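Following: one structure in structure tokens, then a few remarks.
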Amino acid sequence: REAESFKEQGNAYYAKKDYNEAYNYYTKAIDTCPNNASYYGNRAATLMMLGRFREALADAQQSVRLDDSFVRVGGSSTPPSCVLLSSSCSSLLLSPQGHLREGKCHLSLGNAMAASRCFQRVLELDHKNCQAQQELKSASTVLEYEKIAEVDFEKRDFRKVVFCMDRALEFAPACHRFKILKAECLALLGRYPEAQSVASDILRMDSTNADALYVRGLCLYYEDCIEKAVQFFVQALRMAPDHEKACLACRNAKALKAKKEDGNKAFKEGNYKLAHELYTEALGIDPNNIKTNAKLYCNRGTVNSKLRKLEEAIDDCTNAVKLDETYIKAYLRRAQCYMDTEQYEDAVRDYEKVYQTEKTKEHKQLLKNAQVELKKSKRKDYYKILGVDKNASEDEIKKAYRKRALMHHPDRHSGASAEVQKEEEKKFKEVGEAFTILSDPKKKARYDSGQDLEEDGLNVGDFDANNIFKAFFGGPGGFSFEASGPGNFFFQFG
């Protein structure tokens, strides 16, 4: 009678949804009468409401062990007294509640196969049980999502796996296995905060969960916090020495850290060839480690720039920003390589990206310099027209003009086709323009700084190339080119 009194009080608290108190009274009933199936069944229902499914499973299984045909009158949300009925009472609405609860616990924990067996057992005892029929369908759905997720994980379609696990968790909210798989895929997708959150929730309930420790380490590993990641992998291996994923990740993390550090050391010592080899080897260790690989690509890009392999350096930096589009250092390195290869539009684009992200004086000046060079590149390149370096002296500019002016003078090409004459005349004029600007210190300074020459009222299109030629070569009379042999000419003044 005392046990029944405890049970009735438990029922009252259960009805009021005070599940903690209900649990306490059902426990007292069990302590008083440990062989009553209904007490375990009622406590199992209470534990399920508290989300403590593993404990609920144990109680549900105990209720079944005590009475395999444990049933109750259907329709009440409050766990009633255990009613043991013979087959002659089949006209009543009966529910083999022990098996049903066991199945629901299995399903909530993600054990869909075990859940299916329980629900099938219910249907053997009561083939019209609608709840068991529905739960059996739910278990089948979970099994299907598991199969799809397994295939998609092998295909590395991690988004699909996350979707499947989210759907499965709607039926199995307490399944750590599903949560871990979802968290691992979130980490592989680069969604580290979400993955960390899932793993941390599990560790709060079970601090020794090797899978959750592995996922925590994986997130840190992919965020380039390799030393901390190794600590979690080692801890996971202490809990589960045969944990293959933790073992592989730990080995990769240590190897990646060592190669990267060796590459950095070689770079600092000026051994760029060795640094290039080491960074390349490091990039082959784990293609999934996006952040670390982005840094390795950028480091190798820096090495290539030191080796003056600028196009290869650009390619490496491009790979770095593909992996991490927020990687400012890679944008800066690539922009400098673009400047060195006179790809000014690309350089401006990268410096604009950098300045939009970090509005510093240094980045502003780099952008301004690139914009000036871009503007200069769109004008005629007078140095290129004369065939001299940008640091050419006054004498070198004069010598270059003398050579180019004579080379392209119209009189020299008077016997050529109309098309050739037109082209050479154009080049002759451009040579005159170039000399006029580069031989005047003030104009040259404005040209070199990227300023518009037109601002000085100078219209370079108005130059008379012949007058410039005459002024340069001097003499009161004209000049002419005469043949000295087949294809050879000399000029003379009259």
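Scan the range 298-326 for residues that are under 13 Å from Y272 (Cβ atoms) and open to solvent by 10 Å² or more (accessible area, probe 1.4 Å) and jot them down.
Matches in the range 298-326: N299, R300, T302, S305, K306, L307, R308, K309, E312.
Only one residue in L386, L374, L367 is touching a Phe, Trp or Tyr at 6+ places or on another chain (Cβ under 8 Å) and closer than 25 Å to K306 by Cβ. Which one?
On the way: L386 fails: closer than 25 Å to K306 by Cβ; L374 fails: closer than 25 Å to K306 by Cβ.
L367 is the lone residue from the list that is touching a Phe, Trp or Tyr at 6+ places or on another chain (Cβ under 8 Å) and closer than 25 Å to K306 by Cβ.
Could you count how many residues in the range 169-180 are open to solvent by less than 40 Å² (accessible area, probe 1.4 Å), under 12 Å from I202 (Cβ atoms) and of a type outside the set (F, W, Y)?
Number of matching residues: 4.
Restricting to the range 360-391, and then to whatever is of a type in the set (S, T, Y) and touching a residue at least 40 places away in the same chain (Cβ under 8 Å), can you tell me which residue is nearest to K426 (Cα to Cα)? Walk me through it before giving the result.
Taking the range 360-391 as the starting set, the residues that turn out to be of a type in the set (S, T, Y) are 360, 377, 382-383.
Next, only the ones that are touching a residue at least 40 places away in the same chain (Cβ under 8 Å) stay: 382-383.
Values: Y382: 14, Y383: 16 Å.
Filtering the range 360-391 for residues that are of a type in the set (S, T, Y) and touching a residue at least 40 places away in the same chain (Cβ under 8 Å), the one nearest to K426 (Cα to Cα) comes out as Y382.
Of all residues in the range 341-357, count the ones that are touching a Ser or Thr at 6+ places or on another chain (Cβ under 8 Å) and assigned to a helix (DSSP H, G or I). Don't jump to the end; show me each part of the working.
Within the range 341-357, the first condition is being touching a Ser or Thr at 6+ places or on another chain (Cβ under 8 Å), and the residues that meet it are 342, 344, 357.
Among the residues that remain, those that are also assigned to a helix (DSSP H, G or I) are: 344, 357.
Summing the residues that are touching a Ser or Thr at 6+ places or on another chain (Cβ under 8 Å) and assigned to a helix (DSSP H, G or I) in the range 341-357 gives 2.
Quick check: is even one residue across the range 262-284 closer than 13 Å to A320 by Cβ and either in contact (Cβ under 8 Å) with a residue 60 or more places away in the chain or surrounded by fewer than 23 Cβ atoms within 10 Å (Cβ to Cβ) (or both)?
So far as the range 262-284 goes, yes, one or more of its residues are closer than 13 Å to A320 by Cβ and either in contact (Cβ under 8 Å) with a residue 60 or more places away in the chain or surrounded by fewer than 23 Cβ atoms within 10 Å (Cβ to Cβ) (or both).
Here is a list of conditions, (1) open to solvent by 60 Å² or more (accessible area, probe 1.4 Å); (2) outside any helix (DSSP H, G or I), and K259 meets all of them except one; can you say which number that is?
Only one criterion in (1) open to solvent by 60 Å² or more (accessible area, probe 1.4 Å); (2) outside any helix (DSSP H, G or I) is unmet by K259, namely (2).
So, in the range 113-143, exactly how many residues are farther than 26 Å from F163 by Cα, among the charged types (D, E, K, R) and surrounded by 14 or more Cβ atoms within 10 Å (Cβ to Cβ)?
Number of matching residues: 3.
Please determine, by comparing only the residues of the range 53-108 that are hydroxyl-bearing (S, T, Y) and at pLDDT 50 or above, which one is surrounded by the most Cβ atoms within 10 Å (Cβ to Cβ).
So the residue we want is S63.
Read through the list (1) closer than 23 Å to K257 by Cβ; (2) in contact with an Asp or Glu (Cβ under 7 Å, 6 or more places away or on another chain), then give the number of the only condition that L186 fails.
(1)
Scan the helices (runs of 4 or more DSSP H) fully inside the range 96-182 and keep the ones with 3 or more residues being of a type in the set (F, W, Y).
It comes to 158-171.
Across the range 349-390, what is the total count of residues that are over 15 Å from Y447 (Cβ atoms) and among the small types (G, A, S)?
2
Suppose we filter the range 405-428 for residues that are more than 55 Å from the chain's Cα centre (by Cα), of a type outside the set (V, I, T) and part of a helix (DSSP H, G or I); how many remain?
15
Can you find a residue that is within 30 Å of V431 (Cβ to Cβ), of a type in the set (A, V, I, L, M) and either in contact with a Leu (Cβ under 6 Å, 6 or more places away or on another chain) or open to solvent by less than 60 Å² (accessible area, probe 1.4 Å) (or both) anywhere in the range 349-359?
Within the range 349-359, not a single residue is within 30 Å of V431 (Cβ to Cβ), of a type in the set (A, V, I, L, M) and either in contact with a Leu (Cβ under 6 Å, 6 or more places away or on another chain) or open to solvent by less than 60 Å² (accessible area, probe 1.4 Å) (or both).
For the structure I just gave you, tell me whether K254 is at pLDDT 95 or above, open to solvent by 40 Å² or more (accessible area, probe 1.4 Å) and basic (K, R).
yes
Only one residue in Y338, Y297 is over 23 Å from E373 (Cα atoms), of a type in the set (F, W, Y) and outside the structural domain of R191 (by the TED database), so which one is that?
Sole residue among the options that is over 23 Å from E373 (Cα atoms), of a type in the set (F, W, Y) and outside the structural domain of R191 (by the TED database): Y297.
Yes or no: the range 16-38 includes at least one residue that is touching a strand residue (DSSP E or B) at 6+ places or on another chain (Cβ under 9 Å), within 19 Å of A114 (Cβ to Cβ) and open to solvent by less than 50 Å² (accessible area, probe 1.4 Å).
no
Being over 26 Å from R117 (Cβ atoms), assigned by the TED database to the domain that holds G103, more than 19 Å from the chain's Cα centre (by Cα) and open to solvent by 40 Å² or more (accessible area, probe 1.4 Å) is true for just one of E146, E154. Which residue is that?
E154
For the range 200-229, what are the residues that are surrounded by fewer than 16 Cβ atoms within 10 Å (Cβ to Cβ) and either among the small types (G, A, S) or not assigned by the TED database to the domain that holds G190 (or both)?
Once the filter is applied, which keeps residues that are surrounded by fewer than 16 Cβ atoms within 10 Å (Cβ to Cβ) and either among the small types (G, A, S) or not assigned by the TED database to the domain that holds G190 (or both), the range 200-229 yields S200, S207.
The values are calculated or read from the model by the stated rules, or taken from the named source; none is laboratory data. What you see is a predicted model, and the numbers here were worked out from it, not measured in a lab. No Cβ is skipped: glycine too gets one built from the backbone with ideal geometry, and neighbour counts run over all protein chains shown. Just so you know, the surface numbers come from the protein's heavy atoms only, side chains and all, with ligands and any DNA or RNA stripped out. Shrake-Rupley method; radii C 1.70, N 1.55, O 1.52, S 1.80 Å.
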